[in-house]
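Chemist: This is the structure I want to talk about, given as structure tokens.
The values are calculated or read from the model by the stated rules, or taken from the named source; none is laboratory data. Predicted, not measured: the structure shown is a model, and the values here were computed from it. No Cβ is skipped: glycine too gets one built from the backbone with ideal geometry, and neighbour counts run over all protein chains shown.
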Amino acid sequence: MEAKTIPELWELIDQKLFENQDPYQNLNAIYEFQITDQPESVYQLEFDQGQAIIHSNSEKEPACILKLKEKHFTKFLTGDLNSTSAFMTGRLKVDGNIGLALKLESMLKQYDFSN
């Protein structure tokens, strides 16, 4: 995968989620991603009634906040970062509902974000 900027990655996420809405049909949650080594890089991924909406700020109250560096975020998306081991080793910090974080990881594995 060629290196993408964080905004480019979010465009790719938006495109892939729009193309295949099945994996998140029954998911209703707001996730916040804080990219810790990018100033003011906060994104929210909202799943509501079968829709996925991306916010490029901290617009709503998240149920789950994931804090990680840019390189770990990229690996998380491509399935090259196991969230449990990343959490245990401090590469991923989760505030809020950890069960939702695990649900997100298994849902994202149904997509190919490598291109």
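Chemist: Taking the options K60, K69, name whichever one is over 14 Å from G96 (Cβ atoms) and of a type outside the set (S, T, N, Q). Write out each step before concluding.
Modeler: On the way: K60 fails: over 14 Å from G96 (Cβ atoms).
Answer to the selection: K69.
Chemist: Right, another one. Return the residues of segment 17-73 that are farther than 17 Å from I6 by Cβ and of a type in the set (S, T, Y); say none if nothing qualifies.
Modeler: Y24
Chemist: Look through segment 37-52, keep the residues that are part of a strand (DSSP E or B) and not polar (S, T, N, Q), and return whichever of them is nearest to the chain's Cα centre (by Cα).
Modeler: Result: L45.
Chemist: Here's a follow-up. Given the conditions (1) under 17 Å from N20 (Cα atoms); (2) modelled with pLDDT of 95 or more, report the number of the one that L66 does not fulfil.
Modeler: (1)
Chemist: Within segment 45-59, identify whether any single residue is in contact with a Pro (Cβ under 7 Å, 6 or more places away or on another chain) and either among the aliphatic types (A, V, I, L, M) or surrounded by 13 or more Cβ atoms within 10 Å (Cβ to Cβ) (or both), and answer yes or no.
Modeler: No.
Chemist: In segment 87-101, what count of residues is obtained for those that are crowded, with 17+ Cβ neighbours inside 10 Å and either of a type in the set (S, T, N, Q) or within 20 Å of Y111 (Cα to Cα) (or both)?
Modeler: Of the residues in that region, 2 qualify.
Chemist: Cβ contacts < 6 Å: first residue within 14 Å of F33 (Cα to Cα), restricted to segment 78-99; second residue among the β-branched types (V, I, T) and surrounded by 15 or more Cβ atoms within 10 Å (Cβ to Cβ), any location; separation 6+ or different chain. Result?
Modeler: D95/I65; G96/I65
Chemist: Right, another one. Inside segment 89-115, can you point out the residues that are touching a Cys at 6+ places or on another chain (Cβ under 6 Å) and part of a loop (DSSP other than H, G, I, E, B)?
Modeler: Matches in segment 89-115: N97 only.
Chemist: Which members of segment 4-19 meet the condition of being surrounded by fewer than 17 Cβ atoms within 10 Å (Cβ to Cβ) and basic (K, R)?
Modeler: Across segment 4-19, the qualifying residue is only K4.
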